[in-house]
Amino acid sequence: MSANDVELRKSASEEVKKHKSKVESDPYRLTYHHMPPVGLMNDPNGWIQWKGTYHLFYQWMPFNTDHGAKFWGHLSSSDLIHWKEEDAALTPSDWFDRDGVFSGSAVVHNDQLYLFYTGNIDGENGAEEEYQCAAVSNDAVTFEKKGVVIERPEGYTANFRDPKVWREDDYWYLVVGAQSVDMQGKVVLFRSHDLTNWEYLGPIAGSLEGEMGVFGYMWECPDVFKINNKDILVVSPQGVEAEGMHYANTYQSGYFAGKLDVNTPTFSHDGFKELDRGFEFYAPQTMEDEKGRRLLIGWMGVPDQYEQAHPTIENHWIHCMTIPRELSWNGEQIIQTPVEELKEMRGPVLLHSSITIENDQNAIRGIQGRAIELNIEFEELEDQFAIEFFQYASLSYKKGILTLSRPHFEDKSKTEFRRAEINQGLHRLHIFIDHSTLEIFVNGGEEVFTSRIFPQHEAEDILFTSLGKTSFSIEQWKLNGYTYENKFLSSS
Ligand code: FRU
């Protein structure tokens, strides 16, 4: 470990200690979502299961609540509920990553864990160079950096990052998010026999690539995998204009489904579909676990989307991850469901009943609580239906459109909306609430709305409104939350 690495780790753990009591006193802290111990958390990285243990690394800025020279934080778990906070895996200690160990992925090869990440070097106006780098570990605790393995090919700007690696037939493949010199977002493909020497194959998708029109100036965090014989490219494009109820956030996250031919390379694909319809969701990453499930975790945040207006900043932390979701394919689209392990968190059922409301503006049915799960199944929905959460956010359904609204983070006199068309009518809402988060799975995961919420702390009630008659069954559980063994703090 270099002296610089030792120094950075020491400063980070001092920062954690210095702000620990303030951070932990924040009533907006969460019970079953990963948060930074101090500072800023963004993208999930290196999401993998190895020898039974799940590893989730993450972009971490310990020294303030803004973006900058990121570390890779590290969490591990054998069951996705009981977690251990490990020592940071990587720090920005070398010439090739001095301004940030940026996002990337993990694979297992010859009984070692390989991390691939972007080493970021800043210039006066953002990235001056971005290298794709590797690090290797025998024990998933300490990581040895191997330095730069891919340098940027001609034709791309220094915005060239977020390697995702996978194995197919006789090769390793790696995709990188890129920007062409004519300022179009792209995803480019490399391959390798040995994870060290990489051959550049070319772009597989992007703005103005193939049949795609203009679609953003930079594509971040690509991820390629198969689901039911479909090739999926998940990606987070920047610079896409809002269009009707689509692309409402500052930057987007979604996927293309199609057929990838790695040899040409070409990816013939359908249109872009957003993975989430809420206010905060970005840079998701997936992996296949040892049960063969494709599991996704996203960052519950969006870069440059009024991040500095989050009230948690005064307590020295910002952002969190989503709950893990299992992906499947229903013949037409990706379906996302909360992983079944989350049921382990359930305390006793607080409520299980059938409710009918008719032309009622404010039906309170004793539904309260800040770390809860609700399962609502509709029997009849005649006209309009809405749920109001803690006098703050509301979810309403009218004529096939579901709308989530909340006060604007910067100008609280304004209300903001995010909407989605629910083509086959509303049948089910599966809702996870955790103090300052809201995740709503619609009709068994056809759409998801993920958002931060910052209601007054004393506001407790969840209200139901119906125009015409609405009948539904509702189940409610109190959730006990994840547990954390805090190795990172105890070892430093
Ligand atoms: C996405 C992103 C990545 C980058 C990382 C830096 O949120 O901008 O492209 O690697 O965050 O923290």
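When the surface is traced with a 1.4 Å probe over the full set of protein chains, Glu307 keeps roughly 10 Å² accessible. Enumerate lysine pairs in segment 118-276 that are 8 or more residues apart or on different chains, then count those whose Cα atoms are under 26 Å apart. Taking segment 118-276 as the scope, the lysine pair count is 16. Would you mind classifying segment 44-150 by shape? Square roots of the alpha carbon gyration tensor eigenvalues, ordered a ≥ b ≥ c; an a/c under 1.5 is rounded, otherwise it is prolate if a/b is larger than b/c and oblate if not. Judged from the Cα gyration tensor, segment 44-150 comes out oblate (a/c at least 1.5, b/c at or above a/b). Heads up, I need the accessible area for Lys18: 1.4 angstrom probe, whole protein in place, Å², nearest 10. Around 140 Å² of this residue is reachable by solvent. Using a ≥ b ≥ c from the Cα gyration tensor of segment 1-68 (square roots of the eigenvalues), is it rounded, prolate or oblate, where a/c under 1.5 gives rounded and otherwise the larger of a/b and b/c decides, a/b for prolate? Oblate, since a/c reaches 1.5 and b/c is not below a/b.
For the cross-link pairs Lys84/Lys343; Lys18/Lys478; Lys20/Lys412, which exceed 25 Å when the distance is taken from alpha carbon to alpha carbon? Each step should come with its number before you reach the end.
Details: Lys84/Lys343 20 Å; Lys18/Lys478 32 Å; Lys20/Lys412 29 Å.
Over 25 Å Cα-Cα: Lys18/Lys478; Lys20/Lys412.
Rounded to whole numbers, the Karplus 3J(HN,Hα) couplings from phi for segment 138-144 are 8, 10, 6, 10, 10, 10, 9 Hz, using 6.51 cos²θ - 1.76 cosθ + 1.60 with θ = phi - 60°, and x at Gly and Pro. The 1.4 Å probe gives accessible areas that order Ser328, Ser103, largest first, as Ser328, Ser103.
Which order do the peptides 411-422, 426-437 take when ranked by the mean count of other beta-carbon atoms within 10 Å per residue, highest first? Let's see the in-between values first.
Numbers: 411-422: 14.0, 426-437: 20.3.
Ranked from most to least packed, the peptides come out as 426-437, 411-422.
For the chain, the normalised intensity computed at q = 0.11 Å⁻¹ comes to -0.91 (log10 of I(q)/I(0), Debye sum over alpha carbons, equal scatterers, no solvent).
Other residues with beta-carbon under 15 Å from the beta-carbon of Thr415 carry, at +1 per Lys or Arg and -1 per Asp or Glu, a net charge of +1.
For the chain, what is the mean residue ellipticity at 222 nm derived from helices alone (per DSSP H run of n ≥ 4: -39500 (n - 2.57); sum divided by total residues; nearest 500 deg cm²/dmol)? Numbers along the way, then the final one.
Working: 2 runs with 27 residues, N = 492.
-2000 deg cm²/dmol, from helical runs alone.
Between amide H atoms placed 1.01 Å from N, distances below 5 Å from Ile401 occur with Ile422, all of them 5 or more places distant or on a separate chain. Among Asp139, Asp360, Asp5, the order of accessible area from largest down is Asp139, Asp360, Asp5, computed with a 1.4 Å probe on protein heavy atoms.
Quick one: grab the alpha carbon gyration tensor of segment 350-479, order the square roots of its eigenvalues as a ≥ b ≥ c, and give me rounded if a/c is under 1.5, else prolate or oblate depending on whether a/b is larger than b/c. Rounded shape, in that the Cα axes give a/c under 1.5. The order of His352, His408 by accessible area, most exposed first and with a 1.4 Å probe, is His352, His408.
Counting only protein heavy atoms and a 1.4 Å probe, the chain has 39 square angstrom of accessible area per residue.
The values are calculated or read from the model by the stated rules, or taken from the named source; none is laboratory data. Every value quoted in this text rests on a predicted model; they were computed, and no experiment measured them. All Cβ positions, glycine included, derive from the backbone under ideal geometry; neighbour counts span all protein chains shown. For accessibility, only protein heavy atoms count, side chains too; no ligands or nucleic acids. Shrake-Rupley method; radii C 1.70, N 1.55, O 1.52, S 1.80 Å.
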